[in-house]
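Student: First the structure, then my questions, so here it is.
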């Protein structure tokens, strides 16, 4: 299982290639180097990179959506639209397909942000706007999302 942390800005070249830092490509106790990821549209307008192991857990959850669940089908359809497997080249780069570049509004720069089980890829201004929406609310969000340990 991979754990991704950190936030860095990287350039996207004219071919849509983006460097994934070596620290984010090394996982596990033995620091296995990842040579491929699954790339999908994420939430709030970012893209999400998953290791194969973490992607398998996502697929398992998608498979549990009942076939008769219209909202579930709509979610899976939107989430998997333009999803692909990307390989890491010899320089540590992945190539982002044009459709996903458009969905995330990416241009010349991208922010890679580790989110434990995935790496989010953001347009810098979009990430800044999303983070600004939660300014001053971290404690309230933590209480709501994580709950209190002292209860």
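FYI, it's all coordinate maths here, none of it is from the lab. Keep in mind that what you see is a predicted model, and the values were worked out from it rather than measured. Every residue, glycine as well, gets a Cβ built from its backbone with ideal geometry; the counts of neighbours run over all protein chains shown.
Student: Along the Cα-to-Cβ line of residue 129, 7 Å from the Cα, sits a label point; which residues in region 80-114 have backbone N less than 19 Å from it?
Tutor: 100-113
Student: Considering the alpha-carbon set of region 74-141 alone, what are its Rg and its Dmax in angstrom?
Tutor: Rg, Dmax (Cα atoms, Å): 14.5, 44.
Student: Same structure, new question: In what sequence do 95, 87 fall when counting other Cβ within 10 Å, fewest first?
Tutor: 87, 95
Student: Next question. Sort 94, 65 so the one with the fewest other Cβ atoms within 10 Å of its own Cβ comes first.
Tutor: With the fewest neighbours first, 94, 65 line up as 65, 94.
Student: Grab the beta carbon distance between residue 15 and residue 78, set R0 = 22 Å, and tell me the FRET efficiency rounded to 0.05.
Tutor: 0.25
Student: Once you wrap a convex hull around the alpha carbon atoms of region 1-45, what is its projected area averaged over all directions, in nm²?
Tutor: 4.3
Student: Once fully extended, how much extra length lies between residue 143 and residue 63, figured as 0.36 nm per residue of separation less the alpha-carbon to alpha-carbon distance?
Tutor: Computed gain between residue 143 and residue 63 is 25.7 nm.
Student: What does the highest-first list of 16-27, 129-140, 69-80 look like by mean Cβ count within 10 Å?
Tutor: Averaged packing, sorted descending, gives the order 16-27, 69-80, 129-140.
Student: OK, next. What whole-number value in cubic angstrom gives the convex hull volume per residue for the C-alpha atoms of the chain?
Tutor: That works out to 143 Å³ per residue.
Student: Would you work out the relative contact order for region 7-124, in percent, from Cα pairs under 8 angstrom that are 6 or more residues apart?
Tutor: Value for region 7-124: 40 percent.
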